[in-house]
1. Can you tell me, using C-alpha contacts under 8 Å and at least 6 residues apart, the relative contact order of the chain as a whole percent?
2. Work out from phi, with θ = phi - 60° and the Karplus expression 6.51 cos²θ - 1.76 cosθ + 1.60, the ³J(HN,Hα) of each residue of segment 86-96, listed in order in whole Hz, and give x for Gly and Pro.
3. If the chain between Ser77 and Ser145 were fully stretched, how many nm would it gain, using 0.36 nm times the residue separation less the Cα-Cα distance?
4. I'd like to know which of Thr35, Ser74, Ala105 lies farthest towards the positive end of the charge dipole of the chain, counting +1 on Cβ of Lys and Arg and -1 on Cβ of Asp and Glu.
5. Measure of size requested: the Rg and Dmax of segment 60-125, with Cα atoms as the atom set and Å as the unit; please supply both.
6. With contacts defined as alpha carbon pairs under 8 Å and 6 or more residues apart, what's the relative contact order of segment 79-149 in percent?
7. Report the label-to-label distance for Glu113 and Asp6 in nanometres (one decimal), using points 7 Å from each Cα along the Cα→Cβ vector.
8. Could you give the alpha-carbon Rg of segment 94-153 over 2.2 N^0.38 Å, rounded to two decimals?
Amino acid sequence: MSILSDSLLTKDIRLGLKTSDRGDALEELLSPLRTDPRVLDWEMLAGSIRTASNSKNLTGSGGMILLHHGRTESVSSLVLAAGRSATGFEIPGSEDRIHLVFLAAIPETLNNEYLRVLGAISRVCLAPGSLRALLEAPDPANFLSLLEKGCLE
């Protein structure tokens, strides 16, 4: 297993986000984490993600990607969730629409290994062929496989 597949589980990949804004997208990704054994305190996690200002928007060919992350004691290890919106949603100050959303919760004690994971996800999403494949992945397992493959390249 890789740190990516240990952190991003297929059950936490939502390929049909129904949201029309950033806040709702994060809520859709947070919801399934309520029963995740890596989450020690879901209310604390949700609060820290809602108030975290660590958000990066990346523009790739085919749309924008939102990487939202924060350090919190509410998780026992790096926890990732991912979502995809077919129609995308707007964010203030940009003409592009967000199509992929990644949420990362990082324990305070974790070293900077998570930065390598987020950096690898960024590189995959910015590669035109990889981004297109992620936007067209038929199911969560395929989506994760594409991410892992891209992270190894």
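What follows draws every value from the coordinates through simple rules; no lab data is involved. Quick caveat, the model's predicted, so the values are computed rather than measured. Cβ atoms come from the backbone with ideal geometry, glycine included; neighbour counts cover every protein chain shown.
1. Values: 273 pairs, mean separation 40.9, N = 153.
Over the chain, the number comes to 27 percent.
2. Couplings: 5, 8, x, 9, 7, 10, x, x, 9, 8, 7 Hz.
3. Values: separation 68, 0.36 × 68 = 24.48 nm, distance 2.09 nm.
My answer for the length gained is 22.4 nm.
4. Going by the charge dipole, the pick is Ala105.
5. 13.2, 37
6. On the way: 53 pairs, mean separation 17.0, N = 71.
Result for segment 79-149 is 24 percent.
7. 0.4 nm
8. Working: Rg = 12.7 Å, N = 60, 2.2 N^0.38 = 10.4 Å.
Normalised Rg, Cα atoms only: 1.22.
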